[in-house]
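Visitor: Below is the structure I would like to discuss, written out as structure tokens.
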Amino acid sequence: MMTMAIFWPALNTLSGLDINVIGSVLVNYDVADEFMNVDDPRVRKTMEKLEEIFAAQWPVNIAWKNKGYEGMGLGRFPEDANDGKTSKGGNPWTFATLWGAQYYLRLIQRYDYLGKEGAGEFSRKALLKRADGYLQFVLANLEPGDLTEQIDGQAGGPRGAHKLSWSHTELINLLLIRKDVKKRNPLL
């Protein structure tokens, strides 16, 4: 009988970070929910740690950040080896990167709901700039009509499955959220 014990050494090498934490909060988003919302310190820390790790994970992100742009490509988890064709690498995932943008837009919505003023890097203007950076990263690397599963982490451009409905759905969600944020904050 096989037990989980044989897997523990491999499991111990995992960072425990996963974009699905952010995705779960976004999928279940309710601006009024007090439990594990986008402004929860644990959720914010998870996003910060993912950004820190992925900023240096791939040359395409390093080049993007070196140009002074906000956002970047986000992967599923740091140890992900799925490169869209084999399991020899890993890349930013389109839906994960779009979740990065959605996260910051939802944070603006949450601040609006709470009547909370963000300051510095958490001002509404800074949050919108960061959200737009993630969107711009996707649009700089992919055609909006052919959003792929992944973005090549080495050189940019499409990688993996083409015309992925999940990626297109997340782009539509992002644009609808952004429209709402701009409507409620016309000076942004």
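Visitor: Inspect the range 131-141 for any residue being farther than 20 Å from Tyr69 by Cα and either assigned to a helix (DSSP H, G or I) or out of contact with any Cys (no Cβ under 8 Å at 6 or more places or on another chain) (or both) and give the result as yes or no.
Guide: First, pick out the residues of the range 131-141 that are farther than 20 Å from Tyr69 by Cα: none.
Checked the range 131-141: no residue is farther than 20 Å from Tyr69 by Cα and either assigned to a helix (DSSP H, G or I) or out of contact with any Cys (no Cβ under 8 Å at 6 or more places or on another chain) (or both).
Visitor: Can you run down the residue pairs with Cβ atoms below 8 Å, 6 or more apart or on separate chains, where the first is in the range 27-49 and of a type in the set (Ser, Thr, Tyr) and the partner is at pLDDT below 95 and surrounded by 10 or more Cβ atoms within 10 Å (Cβ to Cβ)?
Guide: Thr46/Leu17
Visitor: Output the residues belonging to the range 158-180 that are part of a loop (DSSP other than H, G, I, E, B) and within 17 Å of the chain's Cα centre (by Cα). Spell out how you get there, then give the answer.
Guide: Our first condition is that a residue be part of a loop (DSSP other than H, G, I, E, B); within the range 158-180, this holds for 160-164.
Across the range 158-180, the qualifying residue is only Leu164.
Visitor: Filter the range 81-118 for residues that are outside any helix (DSSP H, G or I) and either under 16 Å from Gly71 (Cβ atoms) or β-branched (Val, Ile, Thr) (or both); which is most open to solvent (accessible area, probe 1.4 Å)?
Guide: Of the range 81-118, the ones outside any helix (DSSP H, G or I) are 81-93, 115-118.
Filter once more, so that each one left must be either under 16 Å from Gly71 (Cβ atoms) or β-branched (Val, Ile, Thr) (or both): 86, 91-93.
Working: Thr86: 62, Asn91: 9, Pro92: 0, Trp93: 16 Å².
Filtering the range 81-118 for residues that are outside any helix (DSSP H, G or I) and either under 16 Å from Gly71 (Cβ atoms) or β-branched (Val, Ile, Thr) (or both), the one most open to solvent (accessible area, probe 1.4 Å) comes out as Thr86.
The values are calculated or read from the model by the stated rules, or taken from the named source; none is laboratory data. It should be emphasised that the depicted structure is a prediction, and the values quoted were computed from it without experimental measurement. Counting neighbours? That spans all protein chains shown, and the Cβs are built from the backbone with ideal geometry, glycine included. Surface areas here come from the heavy atoms of the whole protein model, side chains and all, with no ligands, DNA or RNA. Shrake-Rupley method; radii C 1.70, N 1.55, O 1.52, S 1.80 Å.
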